[in-house]
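Structure, as structure tokens:
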Amino acid sequence: MVPTVPSPRRPLDTGHSSDFGHPSHASRAVRHWYENELGWPTVPGTPVDLPTGLRFDVLDVPVEAGYAALRHLGPGSPVAVRADRMRILVAAGSADELPGLLDWLEWGALALDLRAIGEGGRIEAPLPPGALAPGTSRLAGTPVHVPAPTPVPVDMSVKTSMDTAVDDSQGAAVWLRPPEPGCEVEPSLPTLSALGGGVGGAPDLVRLVDTLATECHRIRLRRSCAQPLALS
């Protein structure tokens, strides 16, 4: 069951947003934001990672496939991007459900670029809103304004606006839809219990996975068609 009382939080640091831009303060500031502002656990060590399987699991997909599925998410569902990958937060336990769900949707027999990270896993902590991207003067926290990328050839030689934003961050993960401090994240996450219209308006994991699988398959087909024909 989801706890109704947030996890204990550390005393507030005396630092400020500019701490994110200083290499010696960056990890401390990132960890502070997750643990004190969100009440999320972090994994000890540097860089800061977030454990999966506790408050959420993660679906890791190509950015192009992820954008096509955003319509199935509620406004408070957190989504992050890193390079050409999108990470969609889903309800804890969803990673274990994914293989059976794909089989039920008749996608199980295909090799899809769709990965679930659940209990015992971790992801890189995306830069908090207002953080300076490493080695730049660019602030994270406004990724919601980054337009969706247009499909590109398999060689990825054509750069898109999303590619440019990621290059500015030197590959750091950033929030496309950041979590809201002071709000419990669990009610906003896609879950199987929302099938057919779940309690509290939680997004439906089935529709989300079906759309992601469809888009991943389309990407796979485009890449197959783009491959040069083998000489006989």
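The slack between Asp96 and Asp49, meaning 0.36 nm per residue of separation minus the straight C-alpha distance, is 14.8 nm. Residues whose amide H lies under 5 Å from that of Leu73, counting only those 5 or more places away or on a different chain, are absent; hydrogens are built 1.01 Å from N in the peptide plane. At the residue level, His217 shows approximately 40 square angstrom of accessible surface with a 1.4 angstrom probe and all protein chains present. Of the whole protein surface, Thr214 contributes about 40 Å² of accessible area at a 1.4 Å probe radius. Highest mean first, the peptides 89-100, 202-213 sorted by other C-beta atoms within 10 Å per residue fall in the order 202-213, 89-100. Between Ala226 and Thr214, the simple label model (points 7 Å from Cα in the Cβ direction) yields a spacing of 2.2 nm.
Within the set of other residues whose C-beta is less than 11 Å from the C-beta of Ala95, count the net charge using Lys and Arg as +1 and Asp and Glu as -1.
On the way: positive: Arg115; negative: Asp57, Asp60, Asp96, Glu97, Glu119.
After counting each charged neighbour, the total is -4.
The values are calculated or read from the model by the stated rules, or taken from the named source; none is laboratory data. On a predicted model such as this, the values are computed, not experimentally measured, just so you know. Note that we place each Cβ from the backbone using ideal geometry, even for glycine, and neighbour counts take in every protein chain shown. For accessibility, only protein heavy atoms count, side chains too; no ligands or nucleic acids. Shrake-Rupley method; radii C 1.70, N 1.55, O 1.52, S 1.80 Å.
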